[in-house]
Amino acid sequence: MTVTAIHQFIAGYARSDAISNEARVLQTFFRAWGYESDIFCEKRRILPEWRSRARDLSEAPAACAKGAVVLLHLSIGSASNACYAGLDCPKIILYHNVTPPHYFRWFQPAMALDLARGREQVKALAPTADIVLADSAFNARELVAMGYSQPAVFPLALDFNTLNKPPDRSYLRRFRDGRTNLLFVGRCVPNKRIEHLLALFAHYQKAVNPHSRLLLAGSWSGMERYYFWLLSLAREWRLRDVHFLGSIPQNALNAVYRVADVFVCMSEHEGFCIPLMESMVFDLPILAYRAAAVPETLDGSGVLVSRKDYPALAEMIDRLVRDLSLRRAIIERQQKRLARYQARNVDGELRARLAPLLEPAAPR
């Protein structure tokens, strides 16, 4: 079969979603190689402003009938998974991890069911793929445990160009006022353990640095029960200057990275963790809990901790803020990690991984 198209399937399509962003990066590569390349998703799960950039899932079977290779971004239970499984063409899986459902059972039972279904679908899809990729070694190990044979690691293909956008000046004015800013970026979801971050901030603000602020950037859409519980904790613990910023535009996100003094991550489940890489771009020292793919993402940089000893961690944050020699050393290690990542030949890696399925593109 002469391959003429490489199409991608995703569960949802949005502006700031990591998987959506990677799908766009890969689409750029595929089209540059000379292949047709579209992104398919259920229409109801495509943000209205992005519907011109993706096609409804119902159109996929006809588009993939002849000469197509399909790549599934596997991350949750989805109609896209079932559609992909039913296609009769060469197939690729790129596994981004399915968050364990137990984190969501109390706060969002419907999401917990989707995640449980997603884990079952991951197991069921094992025999269907000709090539299996995972975006971290942690994710690859999960696939092996679920019956996959020798998945290859293909780390996330990130586009750092958006981080060069001018920062929103209103955010700079609002938060650059002499207070120490601790930052976390990520969706407001239970596996991120934002309640543990609030507990750490309580020790830091009350016992170490009263002139401090916690900035939390990330959407809580669909997680309102968890979000309101976090607000109640902040009030109960009498925390000051805790800012849930929600989903903010890229220039505003760039601004909060710039005003931050330390990036703090207490998350317990990450398939990769893009904000850690973004923090490195802004020379922002990182303190993170050792869990899932976080150590792999940091790759010897940042400050990695194995216990959530909040008083000790509060003192460590203070050292990262005030001890300039330590701060410089941490940033230098992070710069080296970022340089290793950016030195990747993503185009070459991708071509090599997909080579068994691809032939030279047919002339147009």
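What single numbered condition from (1) of a type outside the set (Asp, Glu); (2) more than 30 Å from LYS66 (Cα to Cα); (3) more than 19 Å from the chain's Cα centre (by Cα) fails to hold for ARG337?
With (1) of a type outside the set (Asp, Glu); (2) more than 30 Å from LYS66 (Cα to Cα); (3) more than 19 Å from the chain's Cα centre (by Cα) applied to ARG337, the lone miss is (3).
For segment 25-36, indicate whether the set of residues that are without any contact (Cβ under 8 Å) to a residue 40 or more places away in the chain, buried (at least 20 other Cβ atoms within 10 Å of the Cβ), in a helix (DSSP H, G or I) and aromatic (Phe, Trp, Tyr) is non-empty.
yes
Here is a yes/no grid of residues against (1) at pLDDT below 95; (2) hydroxyl-bearing (Ser, Thr, Tyr); (3) crowded, with 17+ Cβ neighbours inside 10 Å:
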site: LYS91; (1), (2), (3): no, no, yes
site: ARG105; (1), (2), (3): no, no, no
site: GLN108; (1), (2), (3): no, no, yes
site: MET111; (1), (2), (3): yes, no, yes
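Mind listing just one residue for me: the one in segment 155-193 that is charged (D, E, K, R) and within 26 Å of TYR95 (Cβ to Cβ) and, of those, surrounded by the fewest Cβ atoms within 10 Å (Cβ to Cβ)?
Restricting to residues being charged (D, E, K, R) and within 26 Å of TYR95 (Cβ to Cβ), the top hit is ASP159.
Search segment 122-134 for residues that are surrounded by fewer than 19 Cβ atoms within 10 Å (Cβ to Cβ) and pair each with any residue that is polar (S, T, N, Q) when their beta-carbon atoms are under 9 Å apart and the residues are at least 6 apart or on different chains.
Filtered contacts from segment 122-134: ALA124/ASN81; ALA126/SER149.
Just to confirm my filter: which helices (runs of 4 or more DSSP H) fall fully inside segment 71-162 and include at least 3 residues that are closer than 29 Å to GLU278 by Cα?
109-124, 137-145
Out of everything in segment 94-152 that is under 21 Å from the mean Cα position of the chain (by Cα) and among the basic types (Lys, Arg), what residue ends up being nearest to CYS83 (Cα to Cα)?
Taking the candidates together, the pick is ARG117.
With respect to ASP241, determine if the residue is closer than 30 Å to GLN27 by Cα, touching a residue at least 60 places away in the same chain (Cβ under 8 Å) and either more than 23 Å from the chain's Cα centre (by Cα) or surrounded by fewer than 21 Cβ atoms within 10 Å (Cβ to Cβ) (or both).
no
Can you confirm whether segment 48-60 contains a residue that is under 24 Å from GLY271 (Cα atoms), surrounded by 21 or more Cβ atoms within 10 Å (Cβ to Cβ) and under 23 Å from the mean Cα position of the chain (by Cα)?
no
Could you please find all residues in segment 71-80 being surrounded by fewer than 23 Cβ atoms within 10 Å (Cβ to Cβ) and touching a strand residue (DSSP E or B) at 6+ places or on another chain (Cβ under 8 Å)?
none
Scan (1) modelled with pLDDT of 95 or more; (2) within 30 Å of VAL189 (Cα to Cα); (3) buried (at least 20 other Cβ atoms within 10 Å of the Cβ) for the single condition PRO100 breaks and write down its number.
Looking at each condition in turn, PRO100 falls short on (3).
Say we look at segment 1-23 and pick out the residues that are touching a residue at least 40 places away in the same chain (Cβ under 8 Å) and assigned to a helix (DSSP H, G or I); which of these is surrounded by the fewest Cβ atoms within 10 Å (Cβ to Cβ)?
ASN21
Mind checking which residues of segment 299-344 are part of a loop (DSSP other than H, G, I, E, B), in contact with a helix residue (DSSP H, G or I) (Cβ under 9 Å, 6 or more places away or on another chain) and under 30 Å from ALA129 (Cα atoms)?
ASP299
Out of all the residues in segment 6-40, which are hydroxyl-bearing (Ser, Thr, Tyr), closer than 13 Å to ARG55 by Cα and at pLDDT 95 or above?
Result: SER37, single match.
The values are calculated or read from the model by the stated rules, or taken from the named source; none is laboratory data. The structure displayed is predicted, hence computed values, not measured ones. All Cβ positions, glycine included, derive from the backbone under ideal geometry; neighbour counts span all protein chains shown.
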